[in-house]
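These notes concern the structure reproduced below.
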Amino acid sequence: MAHIIVVGNEKGGSGKSTTCMHVATALARMGHKVGALDLDLRQKSFGRYVENRQAFMRREGVDLPTVDYRELPEVDQASLAEGENAFDHRLSAAVAGLEREVDFIVIDCPGSHTRLSQVAHSLADTLITPLNDSFIDFDLLARVDPDTSRVIGPSIYSEMVWHARQLRARAGLRPIDWIVLRNRLGAQQMHNKRKVGAALEQLSKRIGFRVAPGFSERVIFRELFPRGLTLLDLRDVGVENLNISNVAARQEVRDLMKELNLPGVTVNF
């Protein structure tokens, strides 16, 4: 059965789609079969990223490692069992259609609380939560005392993850491996960054996640999206001499893949 990687954060602009695309492409480059689903049914940033990649390959006549991206199937309301949720059915059907054909399924969740996102979290073997490195976004995980920066208690999102863990435990499934990704880390080790780091470490012990460094703020990420490319594709499309920023960004992708410690994956790029 496929290992399911869910990328979730109920705030927009945290780098979920960039994370999804780089994790999925890295796995494909290492020879794994990868399925992909985008549960943001309005924006579909991850889905558009994959479509941009397919268009680029057709236009340029190149063959790049890619993923098997699928839309959620439509459902006839009359076919649902009594009390069955249509969104549950659509997601279950999409996962069932992929899980015996691929090694990994990467699922991008919307930047809001939805039924689809809630169900996807309960399916996650690995949960990645990208987080902009500030107390504004830290609020996604926990409530903090404004004077002391002490963690007061978990947020609604953290409680949703706890509920997903309970559902998996009752079903006899493996525990969720939850990784909080510190994106847009500043180059300088500013005082606020240290405070965020300390708060994350404190909270990680209370609610059970691992903290990993993510992607720095770089122009290259915005430039790659329209062509559907990742940092791992640059040499394949003729960029022989990577600048220092690109080399550092590739290393961030490599470090993330190692930190995920996915089953059967040896990072070799």
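Over 19 Å from ARG206 (Cβ atoms), modelled with pLDDT of 95 or more and not in a strand (DSSP E or B) - does that describe any residue in the range 125-148?
yes
Take the residues in the range 54-71 that are under 18 Å from the mean Cα position of the chain (by Cα) and touching a residue at least 40 places away in the same chain (Cβ under 8 Å); name whichever of them is farthest from ARG235 (Cα to Cα).
Taking the candidates together, the pick is VAL67.
Quick check: is even one residue across the range 248-264 surrounded by 13 or more Cβ atoms within 10 Å (Cβ to Cβ), over 18 Å from the mean Cα position of the chain (by Cα) and either closer than 30 Å to PHE135 by Cα or not small (Gly, Ala, Ser) (or both)?
Checking the range 248-264: at least one residue is surrounded by 13 or more Cβ atoms within 10 Å (Cβ to Cβ), over 18 Å from the mean Cα position of the chain (by Cα) and either closer than 30 Å to PHE135 by Cα or not small (Gly, Ala, Ser) (or both).
Taking only the range 60-79 into account, find how many residues are among the acidic types (Asp, Glu) and either closer than 22 Å to MET21 by Cβ or crowded, with 17+ Cβ neighbours inside 10 Å (or both).
Number satisfying all stated conditions: 4.
Could you tell me whether VAL119 is under 16 Å from the mean Cα position of the chain (by Cα) and under 25 Å from ARG70 (Cα atoms)?
Details: under 16 Å from the mean Cα position of the chain (by Cα): yes; under 25 Å from ARG70 (Cα atoms): yes.
Considered against the rule, which asks whether it is under 16 Å from the mean Cα position of the chain (by Cα) and under 25 Å from ARG70 (Cα atoms), VAL119 comes out as yes.
Taking only the range 88-110 into account, find how many residues are buried (at least 18 other Cβ atoms within 10 Å of the Cβ) and either outside any strand (DSSP E or B) or touching an Asp or Glu at 6+ places or on another chain (Cβ under 6 Å) (or both).
The total comes to 11.
Here are some conditions: (1) buried (at least 17 other Cβ atoms within 10 Å of the Cβ); (2) assigned to a loop (DSSP other than H, G, I, E, B). GLU82 meets all but one. Which one does it not meet?
(1)
Hey, does the range 172-190 have a residue that's without any contact (Cβ under 8 Å) to a residue 12 or more places away in the chain, surrounded by 12 or more Cβ atoms within 10 Å (Cβ to Cβ) and within 27 Å of ARG53 (Cα to Cα)?
The answer is no, given that none of the residues of the range 172-190 is without any contact (Cβ under 8 Å) to a residue 12 or more places away in the chain, surrounded by 12 or more Cβ atoms within 10 Å (Cβ to Cβ) and within 27 Å of ARG53 (Cα to Cα).
Of the numbered conditions (1) within 16 Å of PRO226 (Cα to Cα); (2) more than 17 Å from the chain's Cα centre (by Cα); (3) modelled with pLDDT under 95, GLN77 satisfies every one except a single condition; which is it?
Failing condition for GLN77: (1).
The values are calculated or read from the model by the stated rules, or taken from the named source; none is laboratory data. Since this is a predicted model, take the numbers as computed values, not measurements. With ideal geometry, Cβ positions are generated from the backbone for all residues, glycine too; neighbour counts draw on all protein chains shown.
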